[in-house]
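Before any comments, here is the structure.
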Amino acid sequence: MPLAHSRLTAQGQISVPSEIRRKLGVGPGSVLEWDEKNEEIIVRKVGQHTLADVHDALFPDGTPKRQASTSVKDGIRKHIRQKYARH
């Protein structure tokens with residue numbers, strides 16, 4: 001059973017039902033993101049991404065090969081040194 005219904009206006013606008021606004025924690029000025037995945041439309045508050053979304057953004061070609069934890073730690077150290085290096 002659907003959570004809520006909305007009607008599309010002649011201008012292509014919809015009202016977000018109050019129960020949806022409460023669940024998303026949105027109000028006036030909030031930005032909603034519309035996405036399509038597996039032939040479904042997903043609406044979410046901008047800034048709310050699932051772990052799967054983050055993984056797909058970081059690794060679009062699939063899961064990377066495993067690395068030794070020391071090489072990962074070395075990579076993090078190198079990144080932090082470069083980011084916070086005094087110029």
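Counted by Cβ distance under 12 Å from Gly27, the other residues give a net charge of +3, where Lys and Arg count +1 and Asp and Glu count -1. Remark: spin-label model distance Glu33-Lys73 equals 3.3 nm, labels positioned 7 Å along the Cα→Cβ axis. The angle between the Cα long axis of helix 69-83 and the longest principal axis of the Cα atoms of the chain comes to about 80 degrees, rounded to the nearest 10. Converting phi to 3J(HN,Hα) with the Karplus coefficients 6.51, -1.76 and 1.60 and the offset θ = phi - 60°, segment 15-25 yields 9, 7, x, 4, 5, 6, 4, 5, 4, 7, x Hz in sequence order, with x at every glycine or proline. Using θ = phi - 60° and the Karplus form 6.51 cos²θ - 1.76 cosθ + 1.60, what ³J(HN,Hα) does each residue of segment 3-10 get, whole Hz, x for Gly and Pro? Those phi angles translate into 6, 6, 10, 9, 10, 7, 7, 5 Hz.
Taking the average, over residues, of other Cβ atoms within 10 Å as the packing measure, peptides 19-28, 4-13 rank 19-28, 4-13 from highest down.
Please report the projected area of the chain's Cα convex hull averaged over all directions, in nm².
Working: hull surface 44.1 nm².
Averaged projected hull area, Cα only: 11.0 nm².
If we count every other residue with Cβ under 9 angstrom of Val43's Cβ, Lys/Arg +1 and Asp/Glu -1, where does the sum land? Around Val43, the surrounding residues sum to 0.
The numbers here are math on the coordinates, done by the rules we state, and not lab data. Quick caveat, the model's predicted, so the values are computed rather than measured. Quick reminder, even Gly has a Cβ in these numbers, built from the backbone with ideal geometry, and neighbours come from all protein chains shown.
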